[in-house]
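A short write-up of the structure that comes next.
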Amino acid sequence: MIVERIWAANDYRNYHYLIACGETGEALAVDPLEWRLCLDAAKARGWRITQILNTHEHLDHTGGNEALRKATGATVAAHAGAASRIGGVDRGLGKGDVIKVGRSVELECLDTPGHTMAHVCLLAHGAAPALFCGDTLFNAGAGNCHNGGSADVLYETFVNQLARLPEATLVYPGHEYFARNLAFTLDREPDNQAAQALLPQVTGQDPASGRVTTLGEEKTINTFLRLGSASVIAALRQRFPELPERADPKTVFVKLRELRNQW
Ligand SMILES: [Zn+2]
Ligand SMILES: [Zn+2]
């Protein structure tokens, strides 16, 4: 499996991905809003885009489908529950479905609601596991829930699915918000040394060559994966005095998401 990350350089700060089979040159394009960039990148590599995958139904992920399909003849796959809202979907996906790219790539579909209720993440297994997580998990952050989602449900996705993946899993999110999210972590948890060390590295980084984290690393710097941290809870209780000293993780997650909306 070869992964090419494409920085869209737009206001949404999208990352697109090409996931290619090194043997056949077939490639899958993930959320290719800036579809020309994806097409150019594939051409430069000698790849052929045969499939388009939308992690969810928001237009900043689906808006390039039609043009890229016209240019390449690629088929479109998306969560079955989002297909009617996206339109032009050839394959509706559900939990456990497998997407094959060429001969050598297999990606498992995870059903990961919360940002929207019809969101998939793609998981590549193997020696270098990788997660293409759309707007569910960001570097040092979590997707918002105010455009058709639910923070309660996103919590379940984080705890029951994402946090259980191998620590070495590479994290490939749908947007670049790293420095801002890290600042949010440090505002919650000023004593977080891993976040302190990383902030200067990602502040002002060129997103085109920006840092790729692992899930293990996210667990040290991503507040939404640090729900049991005494510092996180103590700082949160200053903003939400009604929270108990031993707030349960779900409440912590939901309050963090609420706070991040206005932060
Ligand atoms: Zn979205
Ligand atoms: Zn998005």
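Take Asn181 and tell me if it is of a type outside the set (Ser, Thr, Tyr), surrounded by 19 or more Cβ atoms within 10 Å (Cβ to Cβ) and within 16 Å of ligand 2 (Cβ to nearest atom). Considered against the rule, which asks whether it is of a type outside the set (Ser, Thr, Tyr), surrounded by 19 or more Cβ atoms within 10 Å (Cβ to Cβ) and within 16 Å of ligand 2 (Cβ to nearest atom), Asn181 comes out as yes. All of Thr24, Thr75, Thr55, Thr50 fail the test of being among the β-branched types (Val, Ile, Thr) and within 16 Å of ligand 2 (Cβ to nearest atom), apart from Thr55.
Looking only at region 64-75, how many residues end up being open to solvent by less than 40 Å² (accessible area, probe 1.4 Å) and more than 19 Å from the chain's Cα centre (by Cα)? Talk me through it step by step, then tell me what you get.
First, the residues of region 64-75 that are open to solvent by less than 40 Å² (accessible area, probe 1.4 Å): 64-65, 67-68, 74.
If we keep only those that are more than 19 Å from the chain's Cα centre (by Cα) too, we end up with 67-68, 74.
Here the count works out to 3.
Do we find that Asn139 is in contact (Cβ under 8 Å) with a residue 60 or more places away in the chain and surrounded by 21 or more Cβ atoms within 10 Å (Cβ to Cβ) in this structure? For Asn139, the condition - in contact (Cβ under 8 Å) with a residue 60 or more places away in the chain and surrounded by 21 or more Cβ atoms within 10 Å (Cβ to Cβ) - is met. Checked against (1) more than 22 Å from Arg13 (Cα to Cα); (2) open to solvent by 10 Å² or more (accessible area, probe 1.4 Å), Asn144 meets all criteria but (1).
Report every pair of residues separated by at least 6 positions or lying on different chains whose Cβ atoms are under 6 Å apart, first residue within region 122-134 and within 11 Å of Ile19 (Cα to Cα) and open to solvent by 10 Å² or more (accessible area, probe 1.4 Å), second basic (Lys, Arg) and in a strand (DSSP E or B). Short answer, once both residue conditions are applied: none.
Give region 124-141 a look and list any residue that's among the small types (Gly, Ala, Ser) and away from ligand 1 (no atom under 12 Å from the Cβ), or say none. Don't jump to the end; show me each part of the working.
Restricting attention to region 124-141, the residues satisfying the condition of being among the small types (Gly, Ala, Ser) are 124, 126-128, 130, 134, 140-141.
Listed by number, the residues that qualify are Ala124, Gly126, Ala127, Ala128, Ala130, Ala140, Gly141.
Just one residue in the set Asp191, Asp187 is farther than 14 Å from Glu218 by Cα and open to solvent by less than 80 Å² (accessible area, probe 1.4 Å); that residue is Asp187. There is no residue in region 22-44 that is more than 19 Å from Glu108 (Cβ to Cβ), among the polar types (S, T, N, Q) and within 16 Å of ligand 1 (Cβ to nearest atom).
Consider region 24-63 and keep the residues that are surrounded by fewer than 18 Cβ atoms within 10 Å (Cβ to Cβ) and within 12 Å of Val101 (Cβ to Cβ). The one that is farthest from the chain's Cα centre (by Cα) is Thr24. Among the residues of region 211-231, those identified as open to solvent by less than 60 Å² (accessible area, probe 1.4 Å) and modelled with pLDDT under 95 are Ser229, Ser231. Here region 105-121 is the region considered, the condition is being free of Cβ contacts under 8 Å to residues at least 60 places away in the same chain, outside any loop (DSSP other than H, G, I, E, B) and not acidic (Asp, Glu), and the residue that is farthest from Pro32 (Cα to Cα) is Leu110. Filter region 191-249 down to the residues that are in a loop (DSSP other than H, G, I, E, B), over 19 Å from Pro173 (Cβ atoms) and among the hydroxyl-bearing types (Ser, Thr, Tyr) and list them by number. Residue satisfying the conditions is Ser229 alone.
The values are calculated or read from the model by the stated rules, or taken from the named source; none is laboratory data. These figures come from a predicted structure and were not determined experimentally. With ideal geometry, Cβ positions are generated from the backbone for all residues, glycine too; neighbour counts draw on all protein chains shown. All accessible areas refer to the heavy atoms of the entire protein, side chains included, with ligands and DNA or RNA removed. Shrake-Rupley method; radii C 1.70, N 1.55, O 1.52, S 1.80 Å.
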